[in-house]
1. How do W117, W170, W188 stack up against each other in accessible area, from largest to smallest, with a 1.4 angstrom probe?
2. How much accessible area does F143 have with a 1.4 Å probe, in Å² rounded to the nearest 10?
3. By the scheme Lys and Arg +1, Asp and Glu -1, what is the net charge of all other residues having a beta-carbon under 10 Å from that of I229?
4. Residue by residue through segment 212-223, what is 3J(HN,Hα) from phi via Karplus (6.51 cos²θ - 1.76 cosθ + 1.60, θ = phi - 60°)? Round to whole Hz and write x for glycine and proline.
5. I'd like the distance separating the alpha-carbon centroids of segment 1-30 and segment 140-154, in whole Å.
6. Given the protein chains as shown and a 1.4 Å probe, how many square angstrom of S122 are accessible, to the nearest 10?
7. Quick one: in segment 70-122, what % of C-alpha pairs are over 18 Å apart?
8. Pairs K74/K123; K123/K230; K75/K118; K124/K202; K104/K202: which exceed 28 Å Cα-Cα?
Amino acid sequence: MCGRCRCTLRPDDIPRACHLNGRPVRHVDMNRYRPSYNVSPGFSVPVVRREDEANDEGAVLHCMKWGLVPSFTKKTEKPDHYRMFNARSESIKEKASFRRLIPKNRCLVAVEGFYEWKKDGSKKQPYYIHLKDARPLVFAALFDSWKNHEGEVIYTFTILTTSASSCLEWLHDRMPVILGNMDAANTWLSGSPSSNIDTLLKPYEESDLAWYPVTAAMGKASFDGPECIKELQLKTNETRSISQFFSKKGDKDQQGQKSHIKVAEEEILNTDQTESLKQEPESDHVGHLCSPVQSESFTSTMATDIKVEQDFDESGSKQSLTGQTGNPPEKVGTHASDNVKSLKEEESEDIKPKVFSPPQEERGDSKTKRYYEELSGDAMSLPKGVNTHVRPSKKKAKGADDKQPTLFSYFGKD
């Protein structure tokens, strides 16, 4: 597709660009020609065509409007030059608008370059394509004439296109049919209908084409001037090879793994330190539970003081235990009565908290052992609120009272 071009050639340079080489040239309507850097459909452009007479070897430099309006178009219809500014070379022999023009209405269009847009998502970047040595490009074209309702005859033309060459495939899938030498230009302009013109309608594969990006402002038909062909420096994105991408990604992954491992190790270390703080030696209360000296003294006292004697009445019912609150035993041993101390006396002596611990077997007190076994076997029930199960100590809260409750605090004062 070719919808914009640059045509700033002087009228005298156009026949030379089309390889007419001394053939007589007649000018028609050249006063309408306005050189422009941004020619679009509807503009008047110089076109080289054959003379009307078949035997005339001369040529005509005729200024026509770009955008074909077929001669069979209604006179009252408003011409649309954007409708047929291009014609696909592969189908010109099939469509009535072009098929009837091939025998006698072939022409040449000389320009310095053309523009094509590269699609990039929703954006389009225009490029200017030209020959490296600044020679004009010669396009193959077809022309026609149409008379409007005022009786004015308007000459229009269309540029033929073909598939893009290998060097321009990245830019667009179509390009103008470029006649790169004199033989090609003469064959298209003056060849007989029987001549093989199809060989000319092919992509231009020469290596002398050049292109570069230009400003997007030239997309407007009103934008004109040398700024249209000024090369634009595009911001190139930083590119990397696939191997570099994966190697860097792998390095980052390894670094990430190392950092995660390091963080995990620090967390484990912190957790161990926290656990070591939590698992500090048991509190004074537990220390009292495990003190062998206190357990010996308290065991001997309690085992002697609290002696369980079981009597069964005639109905076989079991009597309450000695020392149980509210139910005094019927019989208490002599040693128990001699050694029992009141709770008030024990509190006044400021005895440290004592709990039950296994008696030392080396004392040889079998009777005490038997009493303790009965006591630890739930033969006696303690008052409500006394928990015989020892839980692991928890870390003391800040500001908590360090004073531990004594066993005697569980029994109310008389």
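1. On the way: W117 60, W170 100, W188 0 Å².
Correct descending sequence by accessible area is W170, W117, W188.
2. 20
3. Taking every other residue near I229 into account, the sum is -1.
4. My calculation for segment 212-223 gives 7, x, 10, 5, 6, 5, 6, x, 7, 5, 7, 7 Hz in order.
5. If you average the Cα positions of each part, the centres end up 20 Å apart.
6. Only protein atoms counted, so the area is about 120 Å².
7. 54
8. Those over the limit are K74/K123; K75/K118.
The values are calculated or read from the model by the stated rules, or taken from the named source; none is laboratory data. A quick note: this is a predicted structure, and the numbers were derived from the prediction, not measured. Positions of Cβ are generated from backbone atoms using ideal geometry, with glycine treated the same way; all protein chains shown enter the neighbour counts. Accessible surface areas use protein heavy atoms only, side chains included; no ligands, DNA or RNA. Shrake-Rupley method; radii C 1.70, N 1.55, O 1.52, S 1.80 Å.
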